[in-house]
Structures are given as C-alpha cells and as structure tokens.
Amino acid sequence: MVVKNYIELAGELEQLVSESRNPDTHNLDELDSLALLQKINEEDHRVAPAIKAVLPQVAAAVEKIVAAFQQGGRLVYLGAGTSGRLGVLDAVECPPTFSVPAQQVIGIIAGGDSAIHKAVEGAEDDTQLGIEDLQNIDFSAKDVLVGIAASGRTPYVIHALNYARQLGAATISVTCNPDSTVTRSAEIAICPVVGPEVLTGSTRMKSGSAQKMILNMLTTASMIRCGKAYQNLMVDVSASNEKLYARAVRIVAEATGCTLQQASQAVQKTGHQTKLAILHLVTGLDVDKGQKLLIKHQGRLRSAIQEVTHG
C-alpha cells in the first residue's frame, strides 16, 4: 500500500510544471562551470516576467495586508521546507527594516524552528500540524495567512489555509503551479509560472527566487502603504547601531536638503526617530507637536508635512 501511494504521488508530481524536466538543460553534467552558470542565468531571467504577469494578484494581497495592519492584525507566512524558510526570512527582516513589532509579521515553518536549519521528515505531510501552529499563535479573523508552497500540493499548507478561511481570515497562496490545491484553497492565488527548473527536483531555484521576490513585494509594498516611506526613502529607520544611525542621518539629509551635521543634530534631538527628525527640520515643529501630528496622520509623513505647509 505504501508503494502504491508513492507511485501515485510520483504520478502527481509528473504533472507539475515545477517538477518537469527542462528541455534546454538536459546536458548539465557535460558543461564546464561558465556554460553551466550561463544556463542557470538564462533560466533566472524568466522569473521577473512571470511575476509581472501576476502583479494584479500581488496588489490585491497587499490591500488585504494593509487593511489587516490598520486593524491591528498580523501577516502570517506558513510553509514547509524551502518555502517555509523563505517566509521566516522575510518575517524576521521586517522589525529591523521597518521598525515594526516582532509579532506584526510572523513566519511559521513545518516542524518548528529546528526545521529552519535541518529538514524535519514528514512535517509537510501532517494535515493537523498547520492548524495547530496557527492555534499556537492565536491566529484569528483579523490576521492574514499567506500559504507558501512551490508545488501547490503541500498538505500542511492546504489544511492551514482551509482553517484560516473557516475563521474568516484573508488567505493568500504563493505557488508556482497553476490550478493546484493550494491555489484553490486561498482567497487570492499568486502563481508565477516560471517553468521547469534548471535542475529537476530542486524547486529552491527559480521557484524559490520567485517566491522570495513576491514575499519581499508583499511586505515592502504594505509597509510603504502604511507610511513607512517618504518619497523613496525608508523613514522608519531605527538607529540602533552605528551603521543604522549613519543611515538615518543620511536619509534625513536627503529628505530635507540639510547638512549631515544638521541632520545628526535633528536625529539626536528627536531620540533617533528619523521620521520625526525630518518633520522637525521641514516644518520647524518642536518634537512633542511633531509626534502628535504624526500620530494624527497614522505615521504618514507626507500628509503630516502637508498639513503644516499647506494649512
């Protein structure tokens, strides 16, 4: 019976785009290093166009995430193997990048934190584990779940998405195989079709690259929509070390046209709050009034400045 199941599964995998053999790379084992890398690079060029084709779905997902953030909800990534690791990576980069609480963006991987470093056998096939992992973080209807699975068939992800939908939460899938069970389990399905991998049996390559790019888009666009940027400058920098302090000073100078010395003084005066330092220099408001104005405008620097400069 077990053998039959494996045979059936092999047949299922054979139908997946990401698992099929690439007709342009059958001779990989005959190539020298440069030719091999050229093949990989040629295939990598297919990733961005595939993502361009699904930008409307990515935009719809961003709208859901922004709405959740505005209501105190969280963005939760969930996946197994490479997909899970990519979710964890994007989540852990959000607090230092955008100065948000650690629990605003959460990455969950099948098998727990140890699976980040070493594969946990069978975790992705556990149909209850994804549900339990969501329950362990008190996942609710105000949160957003992004289920990540290159194959689109991972049971861990499918059952977690179904559970989230039952709760009334927004659900998003990120896969690389169209019309998969994972895509059908989500309210918004993001599926860039990048084609067969260079090396059959390793979806951490083009599929992984596409997933990472999309997750970066989801968080970056959502944070910008929530007021984390002014012009094209990241203004919610937390100056917690020397490099970040220098970056904050440079951003303040870029945004206001002041000298680095003036920017440094403003950053110090505002308690290392980059956004507040810019508001202070542009409008002349003192720190307390500036802080209140930013709160009034939900952290959106441009609209705060416009209220002062345009009355």
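The values are calculated or read from the model by the stated rules, or taken from the named source; none is laboratory data. Quantities reported herein were computed from a predicted structural model and do not represent experimental measurements. Please note: Cβ atoms are built from the backbone with ideal geometry, for glycine as well, and neighbour counts cover all protein chains shown.
Summary table below
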{"item": "Sole residue being surrounded by fewer than 21 Cβ atoms within 10 Å (Cβ to Cβ), touching a residue at least 24 places away in the same chain (Cβ under 8 Å) and over 24 Å from Lys206 (Cβ atoms), chosen from Gln70, Gln57, Gln135", "result": "Gln70"}
{"item": "Residues that are over 20 Å from the mean Cα position of the chain (by Cα) and either among the small types (Gly, Ala, Ser) or modelled with pLDDT of 95 or more (or both), drawn from region 166-183", "result": "Gln166, Leu167, Gly168, Ser180"}
{"item": "Selection within region 292-311 - assigned to a helix (DSSP H, G or I) and in contact with a helix residue (DSSP H, G or I) (Cβ under 6 Å, 6 or more places away or on another chain)", "result": "Leu293, Leu294, Leu301, Ala304, Ile305, Val308"}
{"item": "Residues of region 217-250 satisfying the condition of being assigned to a helix (DSSP H, G or I), closer than 19 Å to His297 by Cβ and β-branched (Val, Ile, Thr)", "result": "Ile224"}
{"item": "Matching residues in region 234-273 - criterion: being of a type in the set (Lys, Arg) and either in contact with a helix residue (DSSP H, G or I) (Cβ under 9 Å, 6 or more places away or on another chain) or touching a residue at least 12 places away in the same chain (Cβ under 8 Å) (or both)", "result": "Arg247, Arg250, Lys269"}
{"item": "Lone unmet requirement of (1) more than 17 Å from the chain's Cα centre (by Cα); (2) not in a helix (DSSP H, G or I) for Arg204", "result": "(1)"}
{"item": "Any hit, region 250-260, residues being at pLDDT below 95, surrounded by fewer than 20 Cβ atoms within 10 Å (Cβ to Cβ) and either charged (D, E, K, R) or closer than 30 Å to Ala53 by Cα (or both)", "result": "no"}
{"item": "Residue, modelled with the highest pLDDT, within region 124-159, restricted to residues that are of a type in the set (Gly, Ala, Ser) and in contact with a strand residue (DSSP E or B) (Cβ under 8 Å, 6 or more places away or on another chain)", "result": "Gly147"}
{"item": "Subset of region 147-170 [under 24 Å from Gly201 (Cα atoms) and either basic (Lys, Arg) or touching a Phe, Trp or Tyr at 6+ places or on another chain (Cβ under 7 Å) (or both)]", "result": "Ile148, Arg153"}
